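Trainee: Here it is, the structure in full.
The values are calculated or read from the model by the stated rules, or taken from the named source; none is laboratory data. Just so we're clear, the structure is a prediction, and the values are computed from it rather than from any experiment. For neighbour counting, all protein chains shown are included, and Cβ atoms are generated from backbone atoms with ideal geometry for every residue, glycine included.
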Amino acid sequence: MRKALMLGIAAALAALALAAAALATGSAASVKIGTRKIPKLGTVLVNSKGLTLYMFVPDKQKKVTCKGTCAVVWPPAKLAAGQKAVATGQAMQKLIGSDRNPSGGKVVTYNKWPLYTYVVDTKPGQAKGQALNLNGGLWYVLSPAGKVIKTKP
């Protein structure tokens, strides 16, 4: 009976160690910046869920300026501590970077543009935020080359 109890405790500790390792790996996981073809816009940047990523003209390829209510409507592509952004599809790793988020942490950048999603885009392939003038400025998608696409859908 004592041996069975000890084996049970050992098994529980092993499971706990595996769970802790999985959590640690999850926090250090990468944030993927990929691409997707969208009608009328061409190939644009998307996040790991396939949601369209946008740039905000007032950021001026320098820093995150969308904060507060703006960041609620246009959530930034955040990097948690220990995470790295990784290019997939036609996205280029050399264009990926990060900027300090005024709300804390970091935001993924592409060709120095901080990246955001749009809350109205709820499924892959949507780009309802393209060319909108909201929350203090214009919003556009980016090509894999890092160019701003100003085409209206």
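Trainee: Hey, can you tell me all the residues within the range 47-65 that are surrounded by 20 or more Cβ atoms within 10 Å (Cβ to Cβ), β-branched (Val, Ile, Thr) and more than 12 Å from residue 118 (Cβ to Cβ)?
Mentor: 64
Trainee: If I ask for residues that are at pLDDT 50 or above and basic (Lys, Arg), which ones from the range 1-58 would you list? Please lay out each step first, then the result.
Mentor: Here is the first cut: in the range 1-58, the ones at pLDDT 50 or above are 28-58.
Residues satisfying the conditions are 32, 36, 37, 40, 49.
Trainee: For the range 117-130, enumerate the residues that are in contact with a Leu (Cβ under 7 Å, 6 or more places away or on another chain) and not polar (S, T, N, Q).
Mentor: Across the range 117-130, the qualifying residues are 121, 124, 127.
Trainee: Sort out which residues of the range 102-122 are modelled with pLDDT of 95 or more, within 15 Å of the chain's Cα centre (by Cα) and of a type outside the set (Phe, Trp, Tyr), and write them in order of number.
Mentor: Of everything in the range 102-122, those that are modelled with pLDDT of 95 or more, within 15 Å of the chain's Cα centre (by Cα) and of a type outside the set (Phe, Trp, Tyr) turn out to be 106, 107, 108, 109, 111, 112, 114, 115, 117, 119, 121, 122.
Trainee: Would you point out the residue of the range 113-153, among those that are surrounded by fewer than 20 Cβ atoms within 10 Å (Cβ to Cβ) and of a type in the set (Gly, Ala, Ser), that is nearest to residue 44 (Cα to Cα)?
Mentor: 143
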